[in-house]
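Structure first, commentary second.
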Amino acid sequence: MDKGFIQKKSKSDKKNIFQLDFFLGLPYYVMLVVFIIIPIFILVLYAFTEGGDSLFNIRFTLANFEKFFSQSIFIERLIESIWLAIRSTFYCLLICYPLAYMVSRLKKRTQTILVLLLTATMWINSLILMHSLKNVFLIAGSWVAGSNASYTEQAMFLGHDYSIIIGTIFLYMPYMFLPIYTQMTKIDPALIEGATDLGANKIQSLFKVVLPLTLSSVIS
């Protein structure tokens, strides 16, 4: 009888915990639906439909895709965007991976301070970040071209591939750094010490021990 009572109490506790978790996560679920799922649905709807005077008077069509793939300028912009994304991801990884490795090897107090500094931009709206970076490029352009130069001359650093890549890295670096750093802090130091005892140097330990254990975070 005591065993049955304990089982019922355990089930009741789990149910209460589930209800509490659902209640606490409800604002997140609402934001997820309103700001992510519904906009994606509208985007897909517009892609496969053509104009109507209301939501219930639309016609499904593939004309939008035919128009996109029939004009070379769209294909060129698509390829250019993919190439910029690949380069930005590579450079961001080139910065974040060794940075995460170095931070994870420091003292806990120092790690906390550096992680807060490196991820602080996650709490700032991306539009504000891009606008501030645009002002940085304009200031740099005014230094090079002179304060009396026209706006076009002062905006010499805007619109180039390198400025887009710098902006992308500036915006998304915290999102790449954080999962890699988190995974590195979970690595048992004894594994690296064992590799060192077996004759591996720091570079070999990095590629043969640390990299395989953090590959999943890099992919994510």
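All of the numbers you see were taken from the coordinates with simple rules; none came from a lab. Everything numeric here is computed off the predicted structure, so don't read it as measured data. Please note: Cβ atoms are built from the backbone with ideal geometry, for glycine as well, and neighbour counts cover all protein chains shown.
Looking across region 129-182, the residues that are under 23 Å from residue 118 (Cβ atoms) and among the β-branched types (Val, Ile, Thr) come down to 136, 164, 165, 166, 168, 169, 180, 182.
Restricting attention to region 76-100, the residues that are in contact with a helix residue (DSSP H, G or I) (Cβ under 7 Å, 6 or more places away or on another chain) and free of Cβ contacts under 8 Å to residues at least 24 places away in the same chain total 0. Residues that are in contact with a helix residue (DSSP H, G or I) (Cβ under 9 Å, 6 or more places away or on another chain) and part of a helix (DSSP H, G or I) within region 194-213 comprise 194, 195, 196, 202, 204, 205, 206, 208, 209, 210, 211, 213, listed in sequence order.
Restricting attention to region 125-151, the residues that are among the hydrophobic types (A, V, I, L, M, F, W, C) and under 17 Å from the mean Cα position of the chain (by Cα) add up to 4.
Highlighted here are the helices (runs of 4 or more DSSP H) found entirely within region 47-126 that include at least 2 residues which are of a type outside the set (A, V, I, L, M, F, W, C) and surrounded by 14 or more Cβ atoms within 10 Å (Cβ to Cβ): 72-104. A residue that is in a helix (DSSP H, G or I), closer than 30 Å to residue 80 by Cβ and within 26 Å of the chain's Cα centre (by Cα) occurs somewhere in region 152-161.
Of the residues making up region 127-166, those that are of a type in the set (Phe, Trp, Tyr), farther than 28 Å from residue 103 by Cβ and either surrounded by fewer than 16 Cβ atoms within 10 Å (Cβ to Cβ) or in contact with a strand residue (DSSP E or B) (Cβ under 6 Å, 6 or more places away or on another chain) (or both) number 2.
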